[in-house]
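First the structure, in the form of structure tokens, and then the observations on it.
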Amino acid sequence: MIRFLYTFLVFTLVHTSVLYANDLPFELDPANSRWNAEVLSVPGKYIISYLPANKQPGNCNHTVNASASSPAEKTFEVKILAKNSEFGWKEMRIGSEWVSSWYPYAVRFSVQQSLKSSSWTVNGKSFTISGTHKQDIVVELGRMSKQLDELIFKSGDFLNTIQFSNLEIVRPSVKRYFMKTFEVNKTISSSELVISTAPYFILFINGKKVIEKGAGNDFDRTLTRIDCTRFLRKGINTVSVECESMYWKYTIPDIEDIYNFFQLEGIIYYEDGTYYRFFTDSTWKASFATPHNWPNSDISAPQWLNPISKGRVQAVTSGHGQAGPGWYTDPPYYGPIQIKLTDKKYPFFKENEDIWFSVTCHIPEKDASNAVLHYTIKDFSSYTPVYTSEEQLQDWNTGTAGVPFPSAVKLQQGCYLLETSLVINNQLIDKRYDEFVVIGKIHQETAPSISFDNLPLKRVDYIDCSSWFSLRRMLASPSRVLTTEAIGDYTRRIRKPFGSYRETRPNAYSWISYALRVTNPFKPHIIRVMYPDDSERTMGFAIHEKGIFQRLSGIPDNAGILRASSGVYTGGNAKISHSMQKLDILYWPNTKTPTLTIVNNQHNKCAAVSSIEVLELDGDLPALQIPDSNGDSLIGTMSERADYTLPRTFYAGPYRNKFAHNLLNCDFTGFYKGWYTTLRNFIQYMRFTGQNLYIPSLYMYYTRNYPCASQNSADISLEEKKDYFSLLAAMCEANDISLLLGIEFMGTEQTRNELNNNSDTQIRNDGADTLRLVSRAGQQAYSRWGQAGLDPSSPLVRDAFLSIIRECAETYNGFSSIKGFVIYAGGELFPSFGPFRSREFHEMRDSLNWGYGDLTIQKFESDTGIVVPSDKTSPQRFQQRFEFLTAKQKDTWIDWRVDTVSDIISKTHSIIKSYRPDWSTRVVFFIPNWDDINDIGEGKITFRNLLMYAGLNPDRFSDTSDLSFVPIIRQTGSRWIKSYFNDYNSYHHNAMASYNSSDEFSELFPSSKHSSAFIHCGFMTECSLETQQGWMWSSTFFLGYPVPADIYFLESYAKTMAAFSPTTLFLFWTDMMHKVGQEEELSRFTRSFRTLHTGNYKKLYSSQDLYVYANISKKNAVLYVVNTSDSPASLTIHTAARIHNISLSPEPSAGSADKNVYHLHLTPFALQTYTITSENDAPDITFTRNK
């Protein structure tokens, strides 16, 4: 009865909830779409072919041949493993690469068996073998979202002897062909078109190849814009398109036909002022069969069929995919009104700057005198007109007339919509919409300190999680996947003297999810969670909303989208208070029914929650007031890809989650509107917490996180995509936030395609080349992210890396907010020689085990003149080289590695400085890792040698201006669940914290103008959660990079400042979403840290947990005191100098004519900063620690 009542209440809650009205913003209304084109598909039966996986566009990696056999047994399985050297797959991944995981795959093989029939599965896919003869079989594996480590063949049929051979990973492919003819009978002024189809196409015009391009996996998201003027001619013209459709049947079975879609739209402008539109419609022809004499086929041939029209694009996508199957991207405006920027690259203006566009109209001369252009500028958030004007056309010439743009139009900051209407003889001819942004300093009230309790908050929801009544708003599971409807088995109510709470099972990934209520979406909210601090726990908290997903992505319609996450530790290294603790999570809702999910991240422990409160903020967040505005230290968050993390966390507006998940990279009217809203919230959040630095990775692994024309090498491409990062840089510039451009380089498409597809067997036995580092065992380096571990000695790899640096510098050197670059090196990231942390390389992780490939050794021999003896054809040559170089030439070998990497770093720095002399370069290295720390602690290796073996030596650049090396600081114990490998581990790395505080460590990073540290504390969790009933979401992704809560959040910062004196701090490591939570604690630290001046700091005093550093090279210097203990501490300073507390501003507590006495009191993990005023350059200062 109780279970029935619970189920009834849950379904009542879920099915009576209203997410929000399906109100479409004006710019997303299908009626306002620019598309004339219809979406076409080919009728009839498709023709499937199978392409080897290493020969398909985009190069998704390897063709593999191998064999395996099994004796007659009972039920048995045959494993063909990536790590099984018997088949030559010891280290080589097979199947898809991470960046191209949407490609579908199949396994093709030959097989012969003793039974007449047997049933099998391979990696969960079923197939049957009939007969005893040798036969070829293809089994469709579908889309592989992760790399394929192994093939596992299983059968339940007894007494079968079977032989597998010639295994090969292939991908099914379906070709489509489209053709259209039309006549041109006037002189062409210009012409262009836009094309979209997935995932690969070749465009021909009049038999000439115009462009060949991979378009992505979504037919309506990736548009290719092309200038086709020179390919057209007077008379009959033919447009021919060859598309590869893949074979998506088993990827998303119910929408197989959607990948048959194709659309094209173009326009021809004639010199007489008229124009001709051409676009896909039912007049085109289509075929699955390769046409005769392609692409110069006879369009009247019988194989050509009339295509199936799915309707106009806006109908198929239901208005930018609001309720339809796909993303939506506006085509370029093709019509008579032409609008361009005059002296700007981006449509950004400063407050009180004149708004100005160059406007022309393409019309016949006879109409020019009767034509009028109406201008209306609207506030894009409210659609309220702020300016209107009417202008006559002027100076008609060769089909074009100029139109004056109104002068002296000045606007306040915000996003605006420019509506232009062409009217001839009082008849509306055409209308277009363009957006632009006016940028200024965002207004925020200031506050001397940050406390959520001092904000104007209104409670809109409350859940007592220990109450029986909370069950109606709760779902729980002992694991990632909900396996039953029962709740009582999965949670229990706990009563303690300090309060009651609800607790999960002690399983890793056990979870509780609560449905929350929000009254006013888009406003900032605080989700306040009370949790018990009575035992050891590691808990992640995540806010999800129901997304508006398109079926193309393969994500269920009812999937949840992650909006915010945080986390806490209790117990372990931290003191247990036996009380309820508070976690506040800032959140910008897009829906009225979010969920808060609490996930247990520690095996054999429980997650627990006492209550949840939803608080609405009336107004905007205040900005933290920094006491000393002369401080020039930088502190802020690192993000791997700002184009995902920022919208998912900070966008809240009428596009709702459609923007955060779909539209954030789509070129549509509203792109800058969505991003302006996102960045306004982001900047307010940064100033609320006191952060003044953001470090987004512009390049991540193999991918640009910014639009760039060089991504399409065709000279006829007109790619001018809207650029979110330019808007970010411009708004940060106006709001005193600095940017550093991050580069996480693992390669480019060029490095993936050249010399990078050979197996280890080919390298060992055949002398095949590779761009990756090769171990002394003849293994190629890789990571689960793909073909990482590139060889720093390779000129091709070096040039590819430097080209990315040059490209980023060239694109963004005009923004003063950008202060330089951050290069991430070490491990899988280029440039370095390792070490590698992949589980298969655990025993080979030392960097000196890598770098013995043929090309690497050839370069070493050429550079040094040393001949490395080895049998050049033997598979043992790699080990022979290792033994020679590490025994007889170790110093030379290490020096050469350092020279190689240092040369790349030096060239990188030179390129950066050539674009902006004020730019700096910071090199962050991912060394040491946990295993390295154990080796250091046991005396097996020093930290300096770890760096040297990898080719990294900070001493080489000690005299190089504006170049510094940045350590990653892991001060607090990290608790990490290794979800990828399905094993649960809890780590307490006191050794890492101890080493980071050692003199050996700090000596490697002397204080300087650009002294920096990357604080990487806390734990990460990553998993998928699934439900099996009508909950708020059916499945969702849980991802968090949380840090310890309460005062322990500050432990890493305090210990870092005690170890050495960085004046630039990178915080966290975020991906998929921005870090939120613990804003009060963070602001306490940033308020003091921001008052520091850059310069050389020296340690003046240390005693137990108190440390004093000062920059006393000037008469007016800066001193800071840090307490690394979780208990309060006090210190007395005696000096003739005058000391002023910048953070708290107290006057001296006692003093005399010749001596001032200062009593300093520091809270746990506190940082306090002071100015020193003295008549002497080096005033006498003494310190006494108080008991």
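Here is how the numbers come out for the structure above:
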| read-out | value |
| --- | --- |
| Count of residues meeting criterion [of a type in the set (Lys, Arg) and crowded, with 22+ Cβ neighbours inside 10 Å] in the range 657-686 | 2 |
| Matching entry among ILE137, ILE169, ILE195 (being assigned to a strand (DSSP E or B) and at pLDDT 90 or above) | ILE137 |
| Pick from the range 853-875, criterion among the β-branched types (Val, Ile, Thr) and without any contact (Cβ under 8 Å) to a residue 24 or more places away in the chain, ranking: surrounded by the most Cβ atoms within 10 Å (Cβ to Cβ) | VAL868 |
| Subset of the range 627-656 [crowded, with 24+ Cβ neighbours inside 10 Å and assigned to a helix (DSSP H, G or I)] | ALA642, LEU646, PRO647, THR649, PHE650 |
| Selected residue (only one of THR669, THR678 is assigned to a loop (DSSP other than H, G, I, E, B) and in contact with a Phe, Trp or Tyr (Cβ under 6 Å, 6 or more places away or on another chain)) | THR669 |
| Given (1) within 20 Å of ASP434 (Cα to Cα); (2) at pLDDT 90 or above; (3) among the hydroxyl-bearing types (Ser, Thr, Tyr), number of the condition SER633 does not satisfy | (1) |
| Pair list, Cβ < 9 Å and 6+ apart or interchain, from the range 1032-1053 residues that are at positive phi to residues that are at pLDDT below 80 | ASP1046/ALA574 |
| Condition met for VAL923 (more than 27 Å from ILE968 (Cβ to Cβ), among the hydrophobic types (A, V, I, L, M, F, W, C) and either not in a helix (DSSP H, G or I) or not assigned by TED's automatic domain parsing to the domain that holds GLY814 (or both)) | no |
| Test: residue in the range 808-823 that is at pLDDT 95 or above and under 20 Å from TYR949 (Cβ atoms) | yes |
| Wholly enclosed helices (runs of 4 or more DSSP H) of the range 837-916 bearing at least 3 residues within 26 Å of ASP766 (Cα to Cα) and among the charged types (D, E, K, R) | 854-864, 877-887 |
| Some residue of the range 405-428 being in the same structural domain as PRO532 (by TED's automatic domain parsing), at pLDDT below 90, in contact with a strand residue (DSSP E or B) (Cβ under 7 Å, 6 or more places away or on another chain) and crowded, with 16+ Cβ neighbours inside 10 Å | no |
| Evaluation of LEU664 against (1) in contact with a helix residue (DSSP H, G or I) (Cβ under 8 Å, 6 or more places away or on another chain); (2) modelled with pLDDT of 85 or more; (3) of a type in the set (A, V, I, L, M) (one fails), failing number | (2) |
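Here is a yes/no grid of residues against (1) modelled with pLDDT of 90 or more; (2) not polar (S, T, N, Q):
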| site | (1), (2) |
| --- | --- |
| SER1113 | no, no |
| TYR1120 | yes, yes |
| PRO1128 | yes, yes |
| ALA1137 | no, yes |
| ASN1141 | no, no |
| PRO1146 | no, yes |
| GLY1151 | no, yes |
| HIS1159 | no, yes |
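For (1) surrounded by fewer than 23 Cβ atoms within 10 Å (Cβ to Cβ); (2) over 21 Å from TYR1053 (Cβ atoms); (3) at pLDDT 80 or above, each residue gets a yes or a no:
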| residue | (1), (2), (3) |
| --- | --- |
| PHE926 | yes, no, yes |
| ASP932 | yes, yes, no |
| ARG944 | yes, yes, yes |
| TYR949 | no, yes, yes |
| PHE957 | yes, yes, yes |
| PRO967 | no, no, yes |
| GLN971 | no, no, no |
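The values are calculated or read from the model by the stated rules, or taken from the named source; none is laboratory data. Being a predicted model, the structure only gives us computed values, none of them experimental. Quick reminder, even Gly has a Cβ in these numbers, built from the backbone with ideal geometry, and neighbours come from all protein chains shown.
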